[in-house]
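Trainee: So that we are looking at the same thing, I have put the structure below in structure tokens.
The values are calculated or read from the model by the stated rules, or taken from the named source; none is laboratory data. Model, not experiment: these values are computed from the prediction. The area values use the complete protein model at the heavy-atom level, side chains included, leaving out ligands, DNA and RNA. Shrake-Rupley method; radii C 1.70, N 1.55, O 1.52, S 1.80 Å.
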Amino acid sequence: SDPSQLATIAELADIEEPFAALEAASAAGLLASPPMDASPRVAFPDRLTQAAVYYALGPGRRAALHAAAASLVEDAGARLRHAVLASAGPSESLAEELDRYGHGEGRAGRWAVATRYLIWASHLSPDPADRGRLLGLSERSTRPRPDGERRRRARLPRTLRRLPPRRFGPRADRKSVV
């Protein structure tokens, strides 16, 4: 949804003639025509067009593009999102990264983001006990409470402190969890 540089898109999709592809896509109404400047940026004209183009790609092509994007983006959250969308099944290393990132987002007070990454970690964890622990944590962090947002926001850090230490990774002791 964010405008991207034409060169990055061309590299990602392995397009040899990016301006020709941009012209064809713009003429078809699939991309907004960008103003020409030092680094042309392209974007979909709306979210519906973006979704239509995305889902017109086959699952293999989408996964390949996400894998390539994961290696190109610098933002950790975006990189992990692309890695999740490129994954074909359980991955202990990716689940660990998602778990760490989710906990970091929770400590920063970004509960919805933390929940999303913890759910992804639970789906990709090869360990059934770990999947249950992560799903329980994500569910507890967002459960509505009658007494409002303040208590809901305060619940995740307490939950993080009560977690047992993981059997792998740098979080071997409780002090590094929170």
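Trainee: Could you report the accessible area of Y117 in Å², rounded to 10, computed with a 1.4 Å probe on the protein chains as they sit in the structure?
Mentor: For Y117, solvent-accessible area is about 10 Å².
Trainee: Still on this structure: Full-extension gain between S26 and A13, please, as 0.36 nm times their residue separation minus the C-alpha to C-alpha distance.
Mentor: Here the answer is 3.0 nm.
Trainee: Moving to a separate point now. Can you divide the C-alpha Rg of the range 1-116 by 2.2 N^0.38 Å and report the result to two decimal places?
Mentor: Rounded to two decimals, the normalised Rg is 1.21.
Trainee: Students sometimes get this wrong: rank E17, E105 by accessible area, probe 1.4 Å, all chains present, largest first.
Mentor: E17, E105
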